[in-house]
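One structure is given here, and the rest of the page talks about it.
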Amino acid sequence: MLIFQKNHRETIMSLRQAAARHPVLAATLCAGVQFLITTLILKAGMAYAPAAFGKVKLLAFASTVVLPLALVHSFGMWRQVGLHVAETKPSKIFFASMLLCVLFLSMGVHLMPQRPLGAEVLIQLINAFGEELLFRGVIFVILLALPRWQAIMISGVLFGGMHLIHGFMDGNWQHAAWWALATCLSGMMFAAVRYSTGGLWLTIVLHMALNLSKIYSNIEPAAGHATLLVAERLAYGIEFALVAWVMYRGSRGAQPPVAAAS
């Protein structure tokens, strides 16, 4: 038992040291493995089990939680990923980012029978938890060794790149590329919020709330597609401003309320 524990600690140290030497490569590999697993599950389901594709999608969905948990354990990052509630402190950046939800819900809520609110809240909570644990948990900790602006940009690019999976699935690469660019900016904003709050739970809340706000937004039904486009562009502006401010604060020497991985 003692030998196993010693070997386990040595493995964790080796992984942490390798990630510290090559943080960008390590972060890219973590995101790439998740991308590969999810794509392979979905592609295999389409090819070999089309009649049960709904269950296959659930399996792919589950992988986005299981792999991040496995990575946290493999790297020994349970303390650093920000899951301790006491480490999380609401910040002005977090509250400013929640204005995006206000923007999309400014014309009320458009409930849809095909997407029951209770079920959708659960789905988005699981989705936000898995993605945030990977990108603003594991990858965030790995990238803490870099200057803040680099860490935020790389985290956002990797997050956006994950959404290219839609191009592999439906072949609509134009839509997938646009979605990747939009989520790249959102990923940068989530990383900026993670820097400012010191923990992971508020980024999970923000991620879930923003997804739900977009799903149930009444802007398009009430005011039309043109108004929705204006709201989306305004949202991009808010995201960019928040990211730029956190990067600027980092360049001025302001310290985020997160500690480097140890």
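Laboratory data are not the source of any read-out in this text; all were calculated from the coordinates shown. No experiment lies behind these values; they were computed from the predicted model shown. Virtual Cβ from ideal backbone geometry, glycine too; neighbours counted across all protein chains shown.
Just to be sure before I move on: is residue 55 touching a residue at least 12 places away in the same chain (Cβ under 8 Å) and among the basic types (Lys, Arg) in the structure I sent? In short, no.
Condition test on residue 237, is it touching a residue at least 24 places away in the same chain (Cβ under 8 Å), assigned to a helix (DSSP H, G or I) and within 18 Å of residue 153 (Cα to Cα)? When the stated conditions are applied, residue 237 does not pass them. Restricting attention to segment 20-39 and to residues that are over 20 Å from the mean Cα position of the chain (by Cα) and part of a helix (DSSP H, G or I), the residue that is farthest from residue 130 (Cα to Cα) turns out to be 21. Just to be sure, is residue 187 part of a helix (DSSP H, G or I), free of Cβ contacts under 8 Å to residues at least 40 places away in the same chain and not hydrophobic (A, V, I, L, M, F, W, C)? Spelling it out, it is not the case that residue 187 is part of a helix (DSSP H, G or I), free of Cβ contacts under 8 Å to residues at least 40 places away in the same chain and not hydrophobic (A, V, I, L, M, F, W, C). Applying the condition of being farther than 18 Å from residue 100 by Cα and in contact with a helix residue (DSSP H, G or I) (Cβ under 7 Å, 6 or more places away or on another chain) to segment 178-200 and asking which residue is surrounded by the most Cβ atoms within 10 Å (Cβ to Cβ) yields 195.
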